[in-house]
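Okay, structure first, notes after.
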Amino acid sequence: QVQLVESGGGLVQAGGSLRLSCAASGRTFSSYGMGWFRQAPGREREFVGKISWSGALTYYVDSVKGRFTISRDNAKNTVYLQMNSLKPEDTAVYYCAADSKRSYGTSNAVDYDYWGQGTQVTVSS
């Protein structure tokens with residue numbers, strides 16, 4: 001039904017910025033709540049932030065609040081994660097996810113129906 005394709009990951013120095021993109025297929029994308037998650041080696045998948053269908057509502061986990069910004073462009077079927085002031089502890093595989101049941105998702109990975117393939121973000125110290 002929905003496929004998510006992520007891009008924009010890479011290697012950056014601490015303090016740098018990176019913008020991740022998640023392109024979605026499916027005409028129902030605009031009605032889905034979207035979330036970003038990340039997973040570092042040896043650790044469980046971690047919630048990063050979420051955005052409502054309209055983009056009016058956003059929420060971020062404390063560790064990234066003030067540094068990361070989620071936005072979406074429904075006309076382009078794309079959600080973004082702008083990451084500023086990156087820290088080594090931000091190093092992880094980042095995933096975008098869609099919640100087909102909610103217009104504003106939760107912080108729980110289990111609630112999301114569709115996932116991107118993930119993109120590696122590595123922050124050097």
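A compact table of results
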| read-out | value |
| --- | --- |
| Test set (1) polar (S, T, N, Q); (2) at positive phi; (3) surrounded by 15 or more Cβ atoms within 10 Å (Cβ to Cβ) - residue 85 fails condition number | (3) |
| Odd one out for residue 67 among (1) within 11 Å of the chain's Cα centre (by Cα); (2) modelled with pLDDT of 95 or more | (1) |
| Any hit, region 57-65, residues being open to solvent by 80 Å² or more (accessible area, probe 1.4 Å) and of a type in the set (Gly, Ala, Ser) | no |
| Filtered residues of region 22-51 (kept if under 21 Å from residue 1 (Cα atoms) and either more than 17 Å from the chain's Cα centre (by Cα) or surrounded by fewer than 18 Cβ atoms within 10 Å (Cβ to Cβ) (or both)) | 23, 25, 26, 27, 28, 30, 31 |
| When residues of region 70-81 are limited to those that are modelled with pLDDT of 95 or more and over 17 Å from residue 103 (Cβ atoms), the one least open to solvent (accessible area, probe 1.4 Å) | 81 |
| Strands (runs of 3 or more DSSP E) completely within region 1-96 that count 1 or more residues being touching a residue at least 40 places away in the same chain (Cβ under 8 Å) | 4-7, 10-13, 18-24, 33-39, 46-51, 58-60, 78-83 |
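The values are calculated or read from the model by the stated rules, or taken from the named source; none is laboratory data. Everything numeric in this text was worked out from a predicted model, so none of it was measured. As a convention, Cβ positions derive from the backbone with ideal geometry for all residues, glycine included, and neighbour counts pool all protein chains shown. These area figures cover heavy atoms from the full protein model, side chains too; ligands, DNA and RNA do not enter into them. Shrake-Rupley method; radii C 1.70, N 1.55, O 1.52, S 1.80 Å.
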